[in-house]
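Just below is one structure, and these are the notes that go with it.
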Amino acid sequence: MANEAEKLAFEVGDEVAETMGYALVDAQFKKEGKDRYLRLFIDKDGGVGIDDCEKFSRAFETEYDRRDPIDGGYILEVSSPGLDRKLKTEREFKHYIGRIVDVKLFKESDAGKEFSGTLTGFDGKTVSIECEGRNVNINPKEAAYIRLHFEI
């Protein structure tokens, strides 16, 4: 059921996000204790605030519940991906192409063990990052994290 719930969440979420100017970055359906959660992570240029999450939640919930894929109740949570979120999925990597990312590898590479650079591509297995004028290709499984760079 989790896969079906997530698949429909992406379908409905992408439709709603497009009409509202957001991007659905990730959707997760998880059981925690006795409760079930449908968590959606949205983003837009300039970032997402609480009002954005509330607007998206209302629009999403109406359409999602109309299709009623989940037997029983669930808790819907909508939030921004967060500044320290590790990029994990193909959807996330492709969405953030052109953005600066911070990388920490498990083992030393030509670019070092920790570096920042511009995310330039993802082919399904390898992340490409431009770092100091050269292209660095890494398997995300070789990284402790790849996440968006944040400057104060």
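The values are calculated or read from the model by the stated rules, or taken from the named source; none is laboratory data. Values in this document were obtained by computation on a predicted structure and should not be read as measured data. Reconstructed Cβ throughout: ideal geometry from the backbone, glycine too, with neighbour counts over all protein chains shown. To get the accessible areas, we keep the full protein, side chains included, count just its heavy atoms, and leave off ligands, DNA and RNA. Shrake-Rupley method; radii C 1.70, N 1.55, O 1.52, S 1.80 Å.
Quick look at the values:
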quantity: Solvent exposure of the chain as accessible area per residue, Å², 1.4 Å probe; calculated: 60
quantity: With every protein chain in place, segment 1-95: carbon and sulfur % of accessible area (1.4 Å); calculated: 45
quantity: Computed E for Met20/Ile97 - FRET, C-beta separation, R0 30 angstrom, nearest 0.05; calculated: 0.85
quantity: Over segment 44-136: Rg over Rh, Cα atoms, Kirkwood Rh; calculated: 1.11
quantity: Spin-label pair Tyr37/Asp51, simplified geometry with 7 Å Cα→Cβ offset, distance in nm; calculated: 2.7
quantity: Range in the chain, longest, excluding exposed trypsin sites (Lys or Arg not before Pro) [loop by DSSP; at most 10 other beta-carbon atoms within 10 Å]; calculated: 35-106
quantity: Degrees between helix 50-67 axis and first principal axis of the chain (Cα, 0 to 90, nearest 10); calculated: 60
quantity: Lys, Arg +1 and Asp, Glu -1 on Cβ, resulting dipole of segment 56-152 about Cα centre, debye, nearest 20; calculated: 160
quantity: Angle in degrees between helix 2-20 and the longest Cα principal axis of the chain, rounded to the nearest 10; calculated: 80
quantity: Among Leu8, Phe29, Val127 the positive-end extreme of the charge dipole of the chain (Cβ point charges); calculated: Val127
